[in-house]
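Written out below as structure tokens is the structure these notes cover.
The values are calculated or read from the model by the stated rules, or taken from the named source; none is laboratory data. If you're wondering where the values come from, they're calculated on a predicted model, not measured in any experiment. Cβ atoms come from the backbone with ideal geometry, glycine included; neighbour counts cover every protein chain shown. Ligands, DNA and RNA are excluded from the accessible area calculation, which covers all protein heavy atoms including side chains. Shrake-Rupley method; radii C 1.70, N 1.55, O 1.52, S 1.80 Å.
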Amino acid sequence: MKIGLPSHEFRPLTEQELTLVWQWRNSPRIQQNMHNNEAVAWQSHCNWFEGLQRDRSRSFFVLWQNQRPIGVLNFSGLDTFTPEWGCYLGETNVWPGSGIMLEVAALDYAAMGYVRENQLKYSHLLAQVLSFNHAANKMHKLFEYEQVRQEPAAERDGNPFTVLHYSYELKQWLHKREKVLNKLPKNIRLASTQIQFLE
């Protein structure tokens, strides 16, 4: 780890973090940007975790920053050519570039199959963002995702919203990665070289 920069390790969710992730998921700050913003019962959360253990098409990581859990990164559709990802920061008192670390990590994780096997394991990485989640939509545009469609969803607090669907060709990420990261502050670029996945 470079001096002065935090470490970022993505570790599979275990029972030890289950309560913490449940508390994050039920916080109003996280709920407001979810498709389903209803509270999640503890038993439902446990059932979800049990199902996750048996499902090879999904991965769910906890982001540890300097040995402290601060957020999650999850993937679904890993048994297809077009997996989808989502994330959130459960903690608020974090390093300023933490959200960007999630964005870089998602693309790197999906592209790893291509790099490791010298063939395309996944063709595109997909994402869905609610239209009023301006920070996430701005981030996807900064990273040069393609917005492929927009669909009406429902209402939140009396206001209608849509779901924006994004796609990223992973071959392009391998070519664009340096260019995209060069748009970012130097400390974030340097920290992005230290991202680790532990599986």
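Brief remarks on what is shown
- First in the stretch 150-177 and closer than 17 Å to ASN37 by Cα, second anywhere and of a type in the set (Phe, Trp, Tyr) and part of a strand (DSSP E or B), Cβ under 9 Å, 6 or more apart: PRO152/PHE161; ALA153/PHE161; ALA154/PHE161; GLU155/PHE161
- Qualifying positions in the stretch 175-188 - more than 18 Å from LEU63 (Cβ to Cβ) and either open to solvent by 30 Å² or more (accessible area, probe 1.4 Å) or of a type in the set (Ser, Thr, Tyr) (or both): HIS175, LYS176, ARG177, GLU178, LYS179, ASN182, LYS183, PRO185, LYS186
- Some residue of the stretch 122-135 being within 26 Å of TRP24 (Cα to Cα), free of Cβ contacts under 8 Å to residues at least 24 places away in the same chain and within 15 Å of the chain's Cα centre (by Cα): no
- Flag for GLY113 being at pLDDT 95 or above and either over 29 Å from LEU20 (Cβ atoms) or of a type outside the set (Val, Ile, Thr) (or both): no
- The number of residues in the stretch 79-92 being hydrophobic (A, V, I, L, M, F, W, C) and touching a residue at least 40 places away in the same chain (Cβ under 8 Å) comes to 2.
- Cβ pairs under 6 Å, 6+ apart, first in the stretch 45-73 and within 22 Å of GLU9 (Cβ to Cβ), second of a type in the set (Asp, Glu): VAL62/GLU17; TRP64/GLU9; PRO69/GLU17; ILE70/GLU91
- From the list GLU199, GLU178, the lone residue that is charged (D, E, K, R) and under 19 Å from GLY77 (Cβ atoms) is GLU199.
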